[in-house]
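Asks: One structure, pasted below without further comment.
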Amino acid sequence: MHVMRTLTLGRLFPIILLCSLCSVVIWIYHFNNNVMPQPSNGIPQKRAEKPFWRIGDNVLIAKALENYSDKWKKHEANFTRFRSLLSSKCHAVSKAVVTQNNTKLGSNVNYDGQSRKPLKVTQALFNILPKEHPFGNATWESCAVVGNGGILANSSCGEEINLAQFVIRCNLPPLDKRYEKDVGNKTNLVTANPSILLEKYSGLMERRRPFLESLRPYGQALLLLPAFSYGQNTAVSLRAFYTLEDLGSNSPLPVFLNPDYLRTLSNFWRERGLNSVRPSTGLIMASLALEICSNVHLYGFWPFSKHPYGNQPIPNHYYDNRESKKNVHSMPTEFEHLMNLHKQGVIRIHLGECQPTHN
């Protein structure tokens, strides 16, 4: 009898194992499709009202949303404390842009993104630098930093963004009629990564009219170029400067990001646990805004591929689905730091749809 029982169990074991694996597969299917398994009484279970975050990126999403609330209120003491610390380390008001005041004739400019021979400030280079810092000593009451995240699509945030006193945009995003309702059209400062100039406009070595046409929506905004982060950025940034200089006063005003500022800003965030190769343009602009603005609002900052409120897929950008360089920037970690500032009442992050404003 003992032998028979052993043989029977031996035959049953593969069947039991197979059934167990099937159960696991069924549960994984339900889990990944946000469907609750049905109880034995046959009564369907209602779906949870809140998103049911899953494995992978969704764990990061759930963690990010722990610090988020739509009912945001500025905490003046926290804002003042953080801004004072940031200003004491980075000095954006006087150092964010290369000027004749902070960069002397004959001095060396050290690239912040790579180790290479410093660039000597010649008379020709010195002459094109602004004498004074373009931000002066002014503090804007409200600033909108507009990222390019796909979360802005169908957000209806354009009107709200346009109401900000100072609007910052990143990397020459499109602002035509297709996107105006969601992202607005006002711009006071826009950045231009030289890689865009190389990829889209042949490094300005050929016809430059397409480049000039792309800048038309920005009016007379500041055009911020990281000319001294990498050696290959310098020549193309100077070509952009001279192209706009030839166009005249109705074009954006090109200025250069100061590598010393970028270096101190990288150290500031590294001391707070951000270990990426370098901060993203979005984080740089959010940090800049915290020094020059009394109230900072972020739009289009959401580094995940699914919407926080509907769980539906969203593109990488509001205008395309091109992936960013993940080996350079650590977007989820950056976003976690920004979310902490949101929770502390220092900076406000806008997710989801914006409500109509009434003047």
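Asks: Just add up the charged neighbours of Asn185: K/R +1, D/E -1, any other residue whose Cβ is under 15 Å from the Cβ of Asn185.
Replies: For residues surrounding Asn185, the net value is +1.
Asks: Sticking with this structure for a sec: For Trp302, Trp140, which order do you get if you count the other beta carbons within 10 Å of each Cβ and list the fewest first?
Replies: With the sparsest Cβ surroundings first, the list reads Trp140, Trp302.
Asks: Taking K and R as +1 and D and E as -1, what net charge do the other residues with C-beta under 15 Å from the C-beta of Phe211 add up to?
Replies: +1
Asks: Over the stretch 57-349, calculate the relative contact order: mean separation of alpha carbon pairs under 8 Å at least 6 apart, over the residue count, as a percent.
Replies: Once normalised by length, the contact order is 28 percent.
Asks: Whose amide H sits under 5 Å from the amide H of Lys306, counting only residues 5 or more places off or on another chain, with H placed in the peptide plane?
Replies: Sorted by chain and number, the residues that satisfy this are Ile314.
Asks: Turning to a different aspect of this structure: Given the C-alpha atoms of the stretch 225-359, compute the convex hull and give its volume per residue in Å³.
Replies: So the per-residue Cα hull volume is 176 Å³.
Asks: Would you calculate the convex hull of the Cα atoms in the stretch 157-219 and tell me its volume per residue in Å³?
Replies: Considering the Cα atoms of the stretch 157-219, their hull volume per residue is 77 Å³.
Asks: Glu199 to Asn275: extension gain in nm, 0.36 nm per residue of separation minus the Cα-Cα distance?
Replies: This chain segment gains 24.6 nm when fully extended.
Asks: Could you list log10 I(q)/I(0) for the stretch 57-349 at q = 0.08, 0.11, 0.15 Å⁻¹, which the Debye formula gives when each Cα is one point scatterer?
Replies: Evaluating at q = 0.08, 0.11, 0.15 Å⁻¹ gives log10 I(q)/I(0) of -0.33, -0.64, -1.26.
Asks: Using the beta-carbon distance between Asn67 and Asn127 and R0 = 41 Å, what value does 1/(1 + (r/R0)^6) give for FRET efficiency, to the nearest 0.05?
Replies: 0.30
Asks: Enumerate the calculated ³J(HN,Hα) couplings along the stretch 235-252 in order (Karplus 6.51 cos²θ - 1.76 cosθ + 1.60, θ = phi - 60°), each rounded to whole Hz, writing x wherever the residue is Gly or Pro.
Replies: 4, 5, 5, 5, 5, 4, 4, 5, 4, 6, 4, 5, 6, x, 6, 8, 10, x
Asks: Within a Cβ distance under 10 Å of Gly231, other residues only, what is the Lys/Arg minus Asp/Glu net charge?
Replies: +2
A short reminder: the numbers here are calculations on the coordinates, not readings from a lab. The model shown is predicted, which means the values in this text are computed figures rather than measured ones. Counting neighbours? That spans all protein chains shown, and the Cβs are built from the backbone with ideal geometry, glycine included.
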